[in-house]
């Protein structure tokens, strides 16, 4: 695992395998960013000219490597693109640049990042640390042979600051490490094959992670679910030989005055059930538990950072399979709160298990409820692979979007128009689990709203696209599980802790 450290030593004398500096794409051509000038001086003022000769433009996600030929103790300088210069780079730009550099420098054990500028503001130190650690993430549990030395991620990353004894910088590094560890847990869970992460095992891993973090964990098996009236979770799980679970994780920080409920969808594999999905890309449906993984990881992070809140997570887990006992289109399921839904499409199963979880979470009378899930393909159509859709109570919805902006995770507020809700009307039950094809993401939000108790501010975050990267890596985002929206949830919880 990659470790973080601070250094205030002269870049020219640092005993590392590579030094990373920043480069802007200026209006008149590339420009060196603050922090690069010490390296430029060691190279007799020729750094920028050499980088341009190698094709560097300063664009984001670009990393250009240059041999130092003994001018520095480090044999390589890597220039990470920061995009257009606007006085100083944002935290997210630095985070992405650090991640891109960390990925580009695989095979080099020790690297130093000089991306935080001359004043080393805390936010950029944290961003650089997060980006470097997230970019170095590697999931190799199922490799029969070790990763070759030339492809291993960096083992140590030193962040170059003015003073390595600065308390704020030290705090920023500890926080970056905690965030990256939680996201690493989330990514590991998402990337684990579904034959090894079925509901009972998923619950066991949540129990272990929570226990190690000091979080109380309760697991309800299928018998307890039947006794508790969780008809939605049981209905979805009927087609699998591996029965469902419901995990409850509880944390109460010192001085807590506000209670927040977190809910995350945990479909460990989604075939679509009887409304079966096409075979193409079905393997990616191991990621249909990304919301649950994010909530579990967030709970460990809340405990690690000792937030002054009471936070209770309710995480339903099931496998959606087309077995002989599977639930069918035309079935009617009865949920924890007594409401009944006609099932028109068994592939809209996420909202069915979330309904029970939201109803149970509301029994705790939380001040806020935040749920996240890979809920609809319509989210990808509307917002693409990098931006989550946020629905719910207007005030909390906007706070979630703002938290996403601060964390660097793309969020976009979406409405819940009343005419879309009409599409869920059923002739035999309280409502159906799907409506008209148009506005599918919004229909999913409307369905979930039926289970939120009056007076509870709530938000639903649809992460169908951002939770799992099926394309090429970019910035600090590797292929596979991304960890979205762990950082947004943390930002939101800290906002609630500070402002109620």
Residues being in a helix (DSSP H, G or I) and under 15 Å from residue 441 (Cβ atoms) - total across the stretch 402-419: 1
Out of all the residues in the stretch 86-96, which are out of contact with any helix residue (DSSP H, G or I) (no Cβ under 8 Å at 6 or more places or on another chain) and assigned to a helix (DSSP H, G or I)? 93
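Just to be sure before I move on: is residue 325 outside any loop (DSSP other than H, G, I, E, B) and at pLDDT 95 or above in the structure I sent? Reasoning before the result, please.
On the way: outside any loop (DSSP other than H, G, I, E, B): no; at pLDDT 95 or above: yes.
In short, no.
Checking the conditions here, which among 150, 131 is assigned to a helix (DSSP H, G or I) and over 26 Å from the mean Cα position of the chain (by Cα)?
Working: 131 fails: over 26 Å from the mean Cα position of the chain (by Cα).
So the residue among 150, 131 that is assigned to a helix (DSSP H, G or I) and over 26 Å from the mean Cα position of the chain (by Cα) is 150.
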Filter the stretch 23-52 down to the residues that are in contact with a strand residue (DSSP E or B) (Cβ under 6 Å, 6 or more places away or on another chain) and in contact (Cβ under 8 Å) with a residue 40 or more places away in the chain, then identify the one that is farthest from residue 64 (Cα to Cα). 35
Within the stretch 70-103, can you find the residues that are surrounded by 24 or more Cβ atoms within 10 Å (Cβ to Cβ), over 23 Å from the mean Cα position of the chain (by Cα) and more than 13 Å from residue 18 (Cα to Cα)? 81
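Among the candidates 177, 169, 209, which residue alone is over 13 Å from residue 2 (Cα atoms), surrounded by 14 or more Cβ atoms within 10 Å (Cβ to Cβ) and touching a strand residue (DSSP E or B) at 6+ places or on another chain (Cβ under 7 Å)? Before you say what the answer is, go through the steps one by one.
On the way: 177 fails: over 13 Å from residue 2 (Cα atoms); 209 fails: touching a strand residue (DSSP E or B) at 6+ places or on another chain (Cβ under 7 Å).
The unique qualifying residue is 169.
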Answer residue from the stretch 457-495, given it is surrounded by 22 or more Cβ atoms within 10 Å (Cβ to Cβ) and in a helix (DSSP H, G or I) and is nearest to the chain's Cα centre (by Cα) among those: 486
Quick check on residue 17: is it touching a strand residue (DSSP E or B) at 6+ places or on another chain (Cβ under 9 Å) and either outside the structural domain of residue 150 (by TED's automatic domain parsing) or within 21 Å of residue 156 (Cβ to Cβ) (or both)? yes
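Checking the conditions here, which among 35, 99, 22, 83 is in contact with a helix residue (DSSP H, G or I) (Cβ under 9 Å, 6 or more places away or on another chain) and assigned to a helix (DSSP H, G or I)? Break it down stepwise before answering.
Details: 35 fails: assigned to a helix (DSSP H, G or I); 22 fails: assigned to a helix (DSSP H, G or I); 83 fails: assigned to a helix (DSSP H, G or I).
Result of the check over 35, 99, 22, 83: 99.
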Counting only residues that are touching a residue at least 60 places away in the same chain (Cβ under 8 Å) and in contact with a helix residue (DSSP H, G or I) (Cβ under 6 Å, 6 or more places away or on another chain), how many does the stretch 165-179 have? 6
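Of these, 367, 356, which one is touching a residue at least 12 places away in the same chain (Cβ under 8 Å) and crowded, with 21+ Cβ neighbours inside 10 Å? Spell out how you get there, then give the answer.
Details: 367 fails: crowded, with 21+ Cβ neighbours inside 10 Å.
Answer to the selection: 356.
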Going residue by residue through the stretch 375-393, is there one that turns out to be in contact with a helix residue (DSSP H, G or I) (Cβ under 6 Å, 6 or more places away or on another chain), in a strand (DSSP E or B) and either modelled with pLDDT under 95 or within 27 Å of residue 245 (Cβ to Cβ) (or both)? yes
Residues located in the stretch 287-306, provided they are touching a strand residue (DSSP E or B) at 6+ places or on another chain (Cβ under 9 Å) and surrounded by fewer than 24 Cβ atoms within 10 Å (Cβ to Cβ): 303
Is there a residue in the stretch 310-330 that is surrounded by fewer than 24 Cβ atoms within 10 Å (Cβ to Cβ), touching a helix residue (DSSP H, G or I) at 6+ places or on another chain (Cβ under 9 Å) and under 17 Å from residue 216 (Cβ atoms)? yes
Heads up, the strands (runs of 3 or more DSSP E) in the stretch 188-304 (entirely inside) with at least 3 residues that are closer than 20 Å to residue 320 by Cα and either assigned by TED's automatic domain parsing to the domain that holds residue 330 or touching a helix residue (DSSP H, G or I) at 6+ places or on another chain (Cβ under 7 Å) (or both) are 245-252, 266-270
Just the residues that are modelled with pLDDT under 95, farther than 9 Å from residue 112 by Cα and surrounded by 15 or more Cβ atoms within 10 Å (Cβ to Cβ), please, taken from the stretch 10-23. 12
May I ask you to verify whether residue 254 is in contact (Cβ under 8 Å) with a residue 40 or more places away in the chain and either within 30 Å of residue 428 (Cβ to Cβ) or within 22 Å of the chain's Cα centre (by Cα) (or both)? no
Residue check, residue 67 more than 13 Å from residue 24 (Cβ to Cβ), surrounded by fewer than 20 Cβ atoms within 10 Å (Cβ to Cβ) and more than 31 Å from the chain's Cα centre (by Cα): yes
Would you mention how many residues in the stretch 134-163 are buried (at least 16 other Cβ atoms within 10 Å of the Cβ) and closer than 20 Å to residue 91 by Cα? 9
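Report yes if residue 247 is touching a residue at least 24 places away in the same chain (Cβ under 8 Å) and in contact with a strand residue (DSSP E or B) (Cβ under 7 Å, 6 or more places away or on another chain), otherwise no. Reasoning before the result, please.
Numbers: touching a residue at least 24 places away in the same chain (Cβ under 8 Å): yes; in contact with a strand residue (DSSP E or B) (Cβ under 7 Å, 6 or more places away or on another chain): yes.
The answer is yes for residue 247.
The values are calculated or read from the model by the stated rules, or taken from the named source; none is laboratory data. A quick note: this is a predicted structure, and the numbers were derived from the prediction, not measured. Positions of Cβ are backbone-derived with ideal geometry, glycine not excepted, and every protein chain shown enters the neighbour counts.
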